[in-house]
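**Student:** Before I ask anything, let me first share the structure, which is written out below as C-alpha cells.
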Amino acid sequence: MEPNDTVSPTGRPRGRTALIIAAAALLGISGGTAVGYGIQSQRPPTPLPALSQPGLSYPAKPLAADKAPAPLPASEDRRVRTDGDLRKLLLERPEGAEASSAYPRKGGEWLQFSDYVRQFEDGRSMFQYLAENDLRRIAVAEWMEGKGRQSTIALVQFRSNATMGAADHLGGQLSYMPEKKDGAGNAGDPLGGTESGRYFLYPVAREPGYLPVYQARALAVRGDIMIDVNIADTKPISKKDIRVLAERQLERL
C-alpha cells in the first residue's frame, strides 16, 4: 500500500482498482484502433461518388450599381435606431398619465449604473456581473395612472459582442421568477413575438394597515437590449395589461 492510498471499510485501497480498469479500457481502445487501421490499409481505395453541383443561386458577377438593392433606410435599420438616443425608443407616457417623481422627464431618462445595481439584493455581485458582460447603458421611463398604478420600463443595453450580455441577463432574471420568495412564484406566460420572453403576475402582497399591492412583470430581449417592464397597483392587474404594455414596447425596437 502506498502512502497516498486511502482505505475503505473493506480494507481495499480506494482508487487503485479504478485506475487499473481505466488503463485496461484505454489499452483495449488503442489495440482495437490499431487493428482497424491495419485492416483498412489492406483494402483497395474506394472511389468517391460524383459531386452534384447544380447552378449557383447567386449571380456569377456583381450587380450593376443601378440594379443593386438600396441600403435599408434608418427607420428600418434596427442597429441604427438602437445606436442612437436609446431614450427615444421608450414608450411615451400615455395621455392623462402623470409624471413619476423618480423619473419626471417625459421622454425617459438615463439610469446610472450604480443606481441600477442597487435595485438588486446583492448589488456588489450584480455590479461585477454586468461589468464583465459589457453593460452599455440603461434608459428608463415611468408614469402614474389612476389612484395607484405605476408603470416602469427599463431598456438595459449591452455592447454587441460574443458575451451575449442581454440574453444572459434575461436568463438570470427569468431563472428566479418561479420562486415564491424572490420571484412571482409561477412560470409566467410566453410573450408573443419573442424567443424566450415571458410575463408574470405576482401574488397580492398584504400587510395590516396598508393597501394591498399587486405587481406584474414582463421580460424579453430584442438584439442587444433586455426589456424589463413592471406594473404596480393597489388594484388587481390583468394579464392583458402587462402583456400589451410589453408588446407595445417591443414594437418600438
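**Student:** Taking only region 130-184 into account, find how many residues are part of a helix (DSSP H, G or I) and either open to solvent by less than 10 Å² (accessible area, probe 1.4 Å) or small (G, A, S) (or both).
**Tutor:** Of all residues in region 130-184, those part of a helix (DSSP H, G or I) come to 130-132, 165-176.
Narrowing further to those that are either open to solvent by less than 10 Å² (accessible area, probe 1.4 Å) or small (G, A, S) (or both): 130-131, 165-167, 169-173, 175.
Within region 130-184, residues that are part of a helix (DSSP H, G or I) and either open to solvent by less than 10 Å² (accessible area, probe 1.4 Å) or small (G, A, S) (or both) number 11.
**Student:** Could you tell me whether any residue of region 110-127 is within 20 Å of R222 (Cβ to Cβ), in contact (Cβ under 8 Å) with a residue 12 or more places away in the chain and not in a loop (DSSP other than H, G, I, E, B)?
**Tutor:** Narrowing region 110-127 to residues within 20 Å of R222 (Cβ to Cβ): 110-111, 116.
Still in the list and also in contact (Cβ under 8 Å) with a residue 12 or more places away in the chain: 110-111, 116.
Imposing the further condition that a residue be not in a loop (DSSP other than H, G, I, E, B) reduces the set to 110, 116.
Within region 110-127, one or more residues are within 20 Å of R222 (Cβ to Cβ), in contact (Cβ under 8 Å) with a residue 12 or more places away in the chain and not in a loop (DSSP other than H, G, I, E, B).
**Student:** Going by the structure shown, is A187 in a loop (DSSP other than H, G, I, E, B), farther than 19 Å from D233 by Cα, at pLDDT 95 or above and open to solvent by 40 Å² or more (accessible area, probe 1.4 Å)?
**Tutor:** Working: in a loop (DSSP other than H, G, I, E, B): yes; farther than 19 Å from D233 by Cα: yes; at pLDDT 95 or above: yes; open to solvent by 40 Å² or more (accessible area, probe 1.4 Å): yes.
Judged against the criteria, A187 is a match.
**Student:** Within region 208-251, can you find the residues that are more than 21 Å from G185 (Cβ to Cβ), open to solvent by less than 20 Å² (accessible area, probe 1.4 Å) and in a strand (DSSP E or B)?
**Tutor:** I225, M226, I227
**Student:** What's the number of the only condition in (1) surrounded by 13 or more Cβ atoms within 10 Å (Cβ to Cβ); (2) farther than 25 Å from V213 by Cβ; (3) modelled with pLDDT under 95 that G107 fails to meet?
**Tutor:** Status for G107: all satisfied but (1).
**Student:** Let me ask something else about it. Output the residues belonging to region 81-101 that are open to solvent by 60 Å² or more (accessible area, probe 1.4 Å) and not in a helix (DSSP H, G or I). First the steps, then the outcome.
**Tutor:** Residues of region 81-101 that are open to solvent by 60 Å² or more (accessible area, probe 1.4 Å), as a first pass: 81, 83, 88, 92, 95-96, 98, 101.
Within region 81-101, E92, E95, G96, E98, S101 meet the criteria.
**Student:** Would you call S114 surrounded by fewer than 18 Cβ atoms within 10 Å (Cβ to Cβ), over 15 Å from Q215 (Cβ atoms) and in contact with an Asp or Glu (Cβ under 7 Å, 6 or more places away or on another chain)?
**Tutor:** No, not satisfied.
**Student:** Considering each of R137, R124, R149 in turn, give the residue that is more than 26 Å from G84 (Cα to Cα) and modelled with pLDDT of 95 or more.
**Tutor:** On the way: R137 fails: more than 26 Å from G84 (Cα to Cα); R124 fails: modelled with pLDDT of 95 or more.
Within the list R137, R124, R149, the selection yields R149.
**Student:** Does S196 meet the test of being within 17 Å of V156 (Cα to Cα) and surrounded by fewer than 17 Cβ atoms within 10 Å (Cβ to Cβ)?
**Tutor:** On the way: within 17 Å of V156 (Cα to Cα): yes; surrounded by fewer than 17 Cβ atoms within 10 Å (Cβ to Cβ): yes.
Considered against the rule, which asks whether it is within 17 Å of V156 (Cα to Cα) and surrounded by fewer than 17 Cβ atoms within 10 Å (Cβ to Cβ), S196 comes out as yes.
**Student:** Condition test on V221, is it among the aliphatic types (A, V, I, L, M) and either under 26 Å from G108 (Cα atoms) or in contact with a helix residue (DSSP H, G or I) (Cβ under 8 Å, 6 or more places away or on another chain) (or both)?
**Tutor:** Values: among the aliphatic types (A, V, I, L, M): yes; either under 26 Å from G108 (Cα atoms) or in contact with a helix residue (DSSP H, G or I) (Cβ under 8 Å, 6 or more places away or on another chain) (or both): yes.
So V221 passes the test.
**Student:** Follow-up question, since we're still on this one. Please verify whether V213 is in contact with a Ser or Thr (Cβ under 8 Å, 6 or more places away or on another chain), without any contact (Cβ under 8 Å) to a residue 40 or more places away in the chain and among the hydrophobic types (A, V, I, L, M, F, W, C), treating the condition exactly as stated. Step through it out loud before you land on a result.
**Tutor:** Details: in contact with a Ser or Thr (Cβ under 8 Å, 6 or more places away or on another chain): yes; without any contact (Cβ under 8 Å) to a residue 40 or more places away in the chain: yes; among the hydrophobic types (A, V, I, L, M, F, W, C): yes.
So V213 fits the description; yes.
**Student:** Please work out if Y58 is out of contact with any Pro (no Cβ under 9 Å at 6 or more places or on another chain), modelled with pLDDT of 90 or more and part of a loop (DSSP other than H, G, I, E, B).
**Tutor:** Numbers: out of contact with any Pro (no Cβ under 9 Å at 6 or more places or on another chain): yes; modelled with pLDDT of 90 or more: no; part of a loop (DSSP other than H, G, I, E, B): yes.
It is false that Y58 is out of contact with any Pro (no Cβ under 9 Å at 6 or more places or on another chain), modelled with pLDDT of 90 or more and part of a loop (DSSP other than H, G, I, E, B).
The values are calculated or read from the model by the stated rules, or taken from the named source; none is laboratory data. Keep in mind that this is a model prediction, so the values were computed, not measured. Don't worry about glycine lacking a Cβ; one is built from the backbone with ideal geometry, like all the others, and counts go over all protein chains shown. Heavy atoms of the whole protein, side chains included, go into the accessibility calculation; ligands, DNA and RNA do not. Shrake-Rupley method; radii C 1.70, N 1.55, O 1.52, S 1.80 Å.
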